[in-house]
Amino acid sequence: MTVPIIVTSIVIIACVFDVRTRRIPNVLTLSAAVAGLLYHLATSGLGGLQTAAGGWILGLLLLLPYFALGGMGGGDVKLVAALGAWLGPWETFWLAMYAGIAGGVLGLIVALTHGYLKRAIANVAQIFGYWAVSGLKPVPGMTLETSKSPRLAFAIPILAGTMVTLWLR
């Protein structure tokens, strides 16, 4: 029961920071990752450390492409990696999948409620068109900071993905 409480606490703190400041502090993600690695080393030995490291690496690798393409911030990637150090690879995979689904649904809701849905669909079509011509790389000049779209704090879908993952545990 310890791990779900710690993981829930980490992601709630990250949500508060992300919503208020649009940033997730490195000290939170780094200390959470190190604590997860050390916890699993202390409770399960080297096997636990390997599982925790696998979760951390998988969390990083699953979301790194979205960060590289300008689709999310680095704090979100580091948060999922840190949660992965607590959850291990299998649950980290599902956390990322559920968070992606929640992010898509919440993104549609935000776009719809802000009268932005038509423009959001056009932006996605433009990005896909750009990738079809130039290959999979960031669109020049299009970043999270320069986007005119309403911003969704992605820590919220990560929280949703975490809760579903822990509930199905």
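Could you check how much of the accessible area of the chain is carbon and sulfur, as a whole percent, using a 1.4 Å probe? Walk me through the intermediate numbers first.
Working: 6940 of 9590 Å².
Taking all protein chains in place, the chain shows 72 percent carbon and sulfur surface.
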Exercise for the section: Give the angle, between 0 and 90 degrees and rounded to the nearest 10, that separates the Cα long axis of helix 74-87 from the longest principal axis of the Cα atoms of the chain. Expected result: 30 degrees
Problem - Degrees separating the helix 89-113 axis from the principal Cα axis of the chain, which is the longest one - result: 30 degrees
Exercise for the section: Determine the shape class of the range 23-64: with a ≥ b ≥ c the square roots of the Cα gyration tensor eigenvalues, call it rounded for a/c under 1.5, and otherwise prolate if a/b is greater than b/c, oblate otherwise. Expected result: oblate
Practice task
Please determine, in degrees from 0 to 90 and to the nearest 10, the orientation of helix 155-168 with respect to the longest principal axis defined by the Cα atoms of the chain, where the helix direction is its Cα long axis.
Solution key: 50 degrees
Problem - Residue-averaged [θ]222 nm for the chain, counting only DSSP H segments that reach four residues, each worth -39500 (n - 2.57) - result: -27500 deg cm²/dmol
Practice task
Return the distance in nm (one decimal) between the two label points of a simple spin-label model at residue 121 and residue 34, each offset 7 Å from Cα along Cα→Cβ.
Solution key: 4.9 nm
Exercise for the section: State, as an integer percentage, the relative contact order of the range 24-169 based on alpha-carbon contacts under 8 Å between residues 6 or more apart. Expected result: 28 percent
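First measure r as the distance between the Cβ atoms of residue 134 and residue 108, then evaluate 1/(1 + (r/R0)^6) with R0 = 22 Å and state the FRET efficiency to the nearest 0.05.
Calculated value: 0.25.
The values are calculated or read from the model by the stated rules, or taken from the named source; none is laboratory data. Being a predicted model, the structure only gives us computed values, none of them experimental. Cβ coordinates were reconstructed from backbone atoms using ideal geometry, including for glycine residues, and neighbour counts include every protein chain displayed. Only protein heavy atoms, including side chains, enter the accessible area calculation; ligands, DNA and RNA are left aside. Shrake-Rupley method; radii C 1.70, N 1.55, O 1.52, S 1.80 Å.
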